[in-house]
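Student: My structure is below; once you've seen it, I'll send some questions.
The values are calculated or read from the model by the stated rules, or taken from the named source; none is laboratory data. Just so it is clear, the structure is predicted and the values come from calculations on it, not from any experiment. All Cβ positions, even for glycine, are placed from backbone atoms using ideal geometry, and neighbour counts span all protein chains on display. Please note that ligands, DNA and RNA were not included when accessible areas were found on the heavy atoms of the full protein model with its side chains. Shrake-Rupley method; radii C 1.70, N 1.55, O 1.52, S 1.80 Å.
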Amino acid sequence: MCDLPAFSPEALLGWLRNKHLAFVGDSLARNQAESLLCLLSSRSPPELVYRDGEENKFRRWVFREHNATVSIFWSPLPVKVAEKAEHAGVRHNNVFLDSFDERWMSQLGTLDAAVLSVGHWYLIPGTYHDGGEVIGCHDCAEFNHTEIPFFGIFKRGDASVILVGDFWCGRGERG
């Protein structure tokens, strides 16, 4: 049995005071953020202050009385990816392990905390690039590339983002 205390919107809003929390990922990240917003709104009304595009993949809310911000950034992989387009005959994602998804990484310096919901997208057929070279792929029998296992590529891609995040934000400098 686990003795977790009941969720307290007041406690989390207190922690979020003067901070920016981001959920980065796919629909899992969006669902997590929307659930948290619902829980927090029982104590303080959030105001939607930013929405990008018709699909609402990038959104930001502010809890004014706490100066707290919660954002959602659609980024199925933390690194740069050219998504497959099967209708155009492209069956594989092209994943660039040495480049970042600037749609959310450009905001990294404004974030105090980020919840990354990424990983299973590495299971989609993909060709992996690093330093301008193809280093391997997943589910690519038709190509003459080295098959890279899921956990190998997952660790490599996500570790790059974490290292850059620590460097960019100045680990330990933000509250």
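Student: Confirm whether H66 is surrounded by 15 or more Cβ atoms within 10 Å (Cβ to Cβ) and in contact with a Cys (Cβ under 9 Å, 6 or more places away or on another chain).
Tutor: no
Student: Right, something else. Might you let me know whether the stretch 101-113 holds any residue that is buried (at least 16 other Cβ atoms within 10 Å of the Cβ), assigned to a loop (DSSP other than H, G, I, E, B) and modelled with pLDDT under 85?
Tutor: Checked against the condition, which is being buried (at least 16 other Cβ atoms within 10 Å of the Cβ), assigned to a loop (DSSP other than H, G, I, E, B) and modelled with pLDDT under 85, the stretch 101-113 yields at least one hit.
Student: Return the residue satisfying two criteria in turn: it lies in the stretch 41-69 and is within 18 Å of the chain's Cα centre (by Cα), free of Cβ contacts under 8 Å to residues at least 40 places away in the same chain and not in a loop (DSSP other than H, G, I, E, B), and of such residues it is farthest from L16 (Cα to Cα).
Tutor: Looking at the filtered set, the residue picked out is D52.
Student: Name the residue, out of I135, I72, that is touching a strand residue (DSSP E or B) at 6+ places or on another chain (Cβ under 7 Å), in a strand (DSSP E or B) and closer than 30 Å to S35 by Cβ.
Tutor: I72
Student: Looking at N18, is it among the polar types (S, T, N, Q) and open to solvent by 80 Å² or more (accessible area, probe 1.4 Å)? Quick ask: steps written out before the conclusion?
Tutor: Details: among the polar types (S, T, N, Q): yes; open to solvent by 80 Å² or more (accessible area, probe 1.4 Å): yes.
So N18 passes the test.
Student: May I pose another question? With more than 23 Å from I124 (Cα to Cα) and among the aromatic types (F, W, Y) as the only criterion, which of F96, F63, F23, F73 stands out?
Tutor: It is F63.
Student: Give the stretch 125-175 a look and list any residue that's within 18 Å of the chain's Cα centre (by Cα), closer than 17 Å to S99 by Cα and either modelled with pLDDT of 80 or more or crowded, with 16+ Cβ neighbours inside 10 Å (or both), or say none.
Tutor: Of everything in the stretch 125-175, those that are within 18 Å of the chain's Cα centre (by Cα), closer than 17 Å to S99 by Cα and either modelled with pLDDT of 80 or more or crowded, with 16+ Cβ neighbours inside 10 Å (or both) turn out to be I153, F154, R156, G157, D158, S160, V161, G165.
Student: Among the residues of the stretch 91-100 satisfying the criterion of being surrounded by 17 or more Cβ atoms within 10 Å (Cβ to Cβ) and not aliphatic (A, V, I, L, M), which is farthest from R60 (Cα to Cα)?
Tutor: So the residue we want is H92.
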